[in-house]
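See structure below.
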Amino acid sequence: MLRNPVGLSYAVVALLAAMVLSDVFLILSGLDVWLLAADSPDMTGFSHRGVDATTWVQALLSLPTQIVFIIWFFRVRRNAGVFAPDLHRGGPGWAIGAWFVPIAQFWWPRSVAAGTWRASRRDPYGDGKEESLALLNWWWAVWIVSVLFGTFASAVYDDADRADEFWAGAGLLVAWAALDIVAAVLAILFVRRLTSMQHAKATGMIPAAQ
C-alpha cells in the first residue's frame, strides 16, 4: 500500500533548514573566536557563549531531525517496494536498521536509498539517465566527510587550552559548519527530489494514493 511521503518531507526539510541556520551562527561564532585567539595570548579558561549555545542547539535539533528523516526514509522505501519489489536487497525494515549497524552504517543506508531511487523512477528498469543517482551520491559523500570532519573539529576545539589551539579549533569548526551546510542542502534536494518522483509516480499509477 502506497503512503504519501509529502507531509513528512516538509518536516524533514524544515528541520534540515534549521540545522543550516544553526551552522550559519556557528560560522559567525567560530570566526569571532578565531579573531579573539589571534589577538589574545592568554585564553586560559576561555569559553565562547556563541559557540557553546550553538552546539547545544545543534545537539537538540539533531535527534528530531534524524528521527523524522528515518521515518520519511522508511516510508519512501515501503513505497518503492510497491513500485518495483525486485530491486531491493532485504525488506523495508532495513531503511531503519541499516543506520544502526556499526561501520556498515556508512554505506548500507546509501544502498537502500539507491534501490528506492531506482524503483521510484518513471521506468525503474530503464537507463535512468534523466533520473541518475548523482544527487544521492554527492549528498552521501559530503555527509560522510562532514560527519568525520565534524568529530575531528569538535575534538580539537574542546581540547584547546592555548590561544593557538583555540585559533586552530575555531578555524576547523568554521570549515566544518560550511561543509555541513553543503551536506544539509544536498539532503534537502535529495528529499524533495525523491518525494517528488514518488508522488508523481503514485498519482499516475493509483490516483487514490494522495
Inset, instruction - Residues that are closer than 23 Å to M19 by Cβ, of a type in the set (V, I, T) and out of contact with any Pro (no Cβ under 9 Å at 6 or more places or on another chain): find the helices (runs of 4 or more DSSP H) completely inside the range 44-123 holding 3 or more of those. - result: 49-83
Inset, instruction - Quick one: L61 ticks every box in (1) surrounded by 15 or more Cβ atoms within 10 Å (Cβ to Cβ); (2) in contact (Cβ under 8 Å) with a residue 24 or more places away in the chain; (3) more than 26 Å from the chain's Cα centre (by Cα) except a single one, so which number is it? - result: (3)
Inset, instruction - Mind listing whichever residues of the range 168-185 are over 29 Å from N137 (Cβ atoms) and surrounded by 20 or more Cβ atoms within 10 Å (Cβ to Cβ)? - result: G169, A170
Inset, instruction - Within the range 159-203, track down each residue that is of a type in the set (F, W, Y) and out of contact with any Ser or Thr (no Cβ under 8 Å at 6 or more places or on another chain). - result: F166, W167, F190
Inset, instruction - With the checklist (1) hydrophobic (A, V, I, L, M, F, W, C); (2) surrounded by 13 or more Cβ atoms within 10 Å (Cβ to Cβ); (3) at pLDDT below 95 in hand, flag the one item I103 doesn't pass. - result: (2)
Inset, instruction - Look at the range 121-167 and say how many of its residues are crowded, with 18+ Cβ neighbours inside 10 Å and charged (D, E, K, R). - result: 2
Legend entry - Selected residue (only one of A183, A170, A187, A200 is more than 30 Å from V6 (Cβ to Cβ) and out of contact with any His (no Cβ under 8 Å at 6 or more places or on another chain)): A170
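The values are calculated or read from the model by the stated rules, or taken from the named source; none is laboratory data. Remember, predicted model here, so these are calculated numbers, not experimental data. When we count neighbours, we look across all protein chains shown, and the Cβ atoms used for this are built from the backbone with ideal geometry, even at glycine.
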